[in-house]
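Working notes, beginning with the structure itself.
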Number of protein chains: 2
Amino acid sequence: MHFTSARRLDDSVLEREFTLGEIPGILWTPTSTTPAPLILLGHPPLGLRKMYPRLAERARRAAADGFAAATIELPGSGDRPRWAAAEQARADLRRAMEAGEPVGDGIIDALVLPLVEKSVPEWRAALDALLSLPEIGGPVGYSGGVISIGIRLAMVEARVSAAVLFAGSLVPAAMFAEARRVTIPLHVLLQWDDEGNDRQAALDLFDAFASKEKTLHANMGGHTGVPQFEGDAAARFFARHLR
Amino acid sequence: MHFTSARRLDDSVLEREFTLGEIPGILWTPTSTTPAPLILLGHPPLGLRKMYPRLAERARRAAADGFAAATIELPGSGDRPRWAAAEQARADLRRAMEAGEPVGDGIIDALVLPLVEKSVPEWRAALDALLSLPEIGGPVGYSGGVISIGIRLAMVEARVSAAVLFAGSLVPAAMFAEARRVTIPLHVLLQWDDEGNDRQAALDLFDAFASKEKTLHANMGGHTGVPQFEGDAAARFFARHLR
């Protein structure tokens, strides 16, 4: 892990860009709390640069609560190399949605499963590097982004002890079996009228998680309409579990 | 409205019992805030005496947030006269549940609809009396109890401007049509494994509300297992809408 830049967002948050091998990432640490528990900030595969404003806002909120936050670029996003199968799946998805056709399992699998396979080991490697820093302690939470990545990470990575998941993306059928093996506390967000998402599938997924503590927060509106107050609710969930 | 007793629960809450005609009730007011917004505390038809510890706890929490709280005895509960049809419906319900049989629409209607018909005008009369007190201002919220009473009250009573509803009791089919006419902000609690409640019916009911702001909080466990942290979440909902 090599830091490539450092700046203060304000008096209380240090923002550092880093690379982990080929993978760019960003780490935010609160100056007030050392070592700080860590929240991994998941995000959709749109590239860190595009996602930066929202990520920085989430990181500031985490820092205000005494948490460090970190994120890495997803494979195939930002400046990272594309791969043909994913590009094809993305084009197929766009075509199906524009035609108003149901998105077939084949498209969902081709789109999501390789992303899970490639990215989860990268998040774990990032976790190794981040937890070796003296300013980062534990425990670790995971928040947001592609829900299938969150499910796999929650299932395989024992250092992740609580997760906020957004039931807002297409979930391959195979991930339901993995969800049944997730036991950490979960806070699941659902947008009731999410245009690109199947509400019943999201409810079934929430039902599938084996976690003894899991809470579903469903709100009105579409994919990007998560109300402001849900940021507070997620912060309180992490405050309960990461302190 | 006649006050029949008054005592301080602690330095910051005044608890007064009252009668409104034949109906007993309790009013809690914070000493810090005058006039205070009001939360009407709904409860299951088990009698105020039995419900008192939980009601007092909710009232203390409301007072700590600067809200007054009030409740009245439901018709047919506590020392109030029973009526034969309700007793019969209650016996039929018990028999069906003990036999593991589905609870028929006829039983649900006989159990709930008269309770709604009788109690909602009483809550409105209590509201008239409470809002005439100098220590009570507006706005008014309704919280908990028999969800059908909350639905009817939210539909007909313009002074109730936000409600926390517990999707934990049997809902007559007729109430779904009323739910479609409810437009105030709602915070709906659902226990995912509520033994006496139909999860799909609860989700359908949440879907039916016409409110632009409605949030569903679903948690694991049975009817009485609502997690402690949901008390905080409900308090924040009222803080957003009643201040």
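The values are calculated or read from the model by the stated rules, or taken from the named source; none is laboratory data. Just so it is clear, the structure is predicted and the values come from calculations on it, not from any experiment. Using ideal geometry, Cβ is built from the backbone for each residue, glycine included, and neighbour counts are taken over all protein chains shown.
For the range A:175-194, a residue qualifies if it is within 13 Å of another protein chain (Cβ to nearest Cβ) and either loosely packed, with under 14 Cβ neighbours inside 10 Å or not hydrophobic (A, V, I, L, M, F, W, C) (or both), and the qualifying residues are A:183, A:185, A:187, A:191, A:193.
Checking A:158, A:162, A:233, A:177 one by one, the residue that is in contact with a Gly (Cβ under 7 Å, 6 or more places away or on another chain) and aliphatic (A, V, I, L, M) is A:162 and no other. If I filter the range B:154-174 for residues that are within 11 Å of chain A (Cβ to nearest Cβ), touching a Lys or Arg at 6+ places or on another chain (Cβ under 8 Å) and in contact (Cβ under 8 Å) with a residue 24 or more places away in the chain, do I get at least one hit? The answer is no; no qualifying residue exists. Among the residues making up the range B:234-243, a single one is part of a helix (DSSP H, G or I) and either over 19 Å from the mean Cα position of the chain (by Cα) or at the interface with chain A (Cβ under 7 Å from one of its Cβ atoms) (or both): B:240.
Only one of the numbered conditions (1) free of Cβ contacts under 8 Å to residues at least 40 places away in the same chain; (2) buried (at least 18 other Cβ atoms within 10 Å of the Cβ) is violated by residue B:238, and that is (1).
In the range B:161-194, which residue that is part of a loop (DSSP other than H, G, I, E, B) and touching a His at 6+ places or on another chain (Cβ under 6 Å) is farthest from residue A:215 (Cα to Cα)?
Step one: of the range B:161-194, the residues part of a loop (DSSP other than H, G, I, E, B) are B:167-173, B:180-185, B:192-194.
Going one step further and asking which of them are touching a His at 6+ places or on another chain (Cβ under 6 Å), we end up with B:168, B:185, B:194.
Details: B:168: 16, B:185: 20, B:194: 14 Å.
Filtering first and then ranking leaves B:185.
One line per residue, one yes/no per condition, for (1) surrounded by 14 or more Cβ atoms within 10 Å (Cβ to Cβ); (2) more than 20 Å from the chain's Cα centre (by Cα):
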site: B:11; (1), (2): no, yes
site: B:35; (1), (2): yes, yes
site: B:58; (1), (2): yes, no
site: B:63; (1), (2): yes, no
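Within the range A:195-231, restricting attention to residues that are over 12 Å from residue B:215 (Cα atoms), of a type in the set (Asp, Glu) and touching a His at 6+ places or on another chain (Cβ under 9 Å), which residue is nearest to the other protein chains (Cβ to nearest Cβ)? It comes out as A:213. I'd like to know if the range A:223-230 contains one or more residues that are part of a loop (DSSP other than H, G, I, E, B) and at pLDDT 95 or above. Looking for residues that are part of a loop (DSSP other than H, G, I, E, B) and at pLDDT 95 or above, one finds none in the range A:223-230, hence no.
Residue by residue, here is whether (1) among the hydrophobic types (A, V, I, L, M, F, W, C); (2) within 16 Å of residue B:169 (Cα to Cα); (3) in contact with a Ser or Thr (Cβ under 8 Å, 6 or more places away or on another chain) holds:
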position	(1), (2), (3)
B:49	no, no, no
B:57	no, no, no
B:92	no, yes, no
B:101	no, no, no
B:104	no, yes, no
B:120	yes, no, no
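Can you give me the ranges of the strands (runs of 3 or more DSSP E) entirely in the range A:1-116 with at least 1 residues that are over 30 Å from residue A:227 (Cβ atoms)?
Working: elements: A:2-10, A:13-20, A:23-30, A:36-42, A:68-72.
Correct list: A:2-10, A:13-20, A:23-30.
Within the bounds of the range A:146-153, is there any residue that is part of a loop (DSSP other than H, G, I, E, B) and more than 15 Å from the chain's Cα centre (by Cα)?
Here is the first cut: in the range A:146-153, the residues part of a loop (DSSP other than H, G, I, E, B) are A:146.
Still in the running and more than 15 Å from the chain's Cα centre (by Cα): none.
Within the range A:146-153 (the criterion being part of a loop (DSSP other than H, G, I, E, B) and more than 15 Å from the chain's Cα centre (by Cα)), the answer is no, since none of the residues qualifies.
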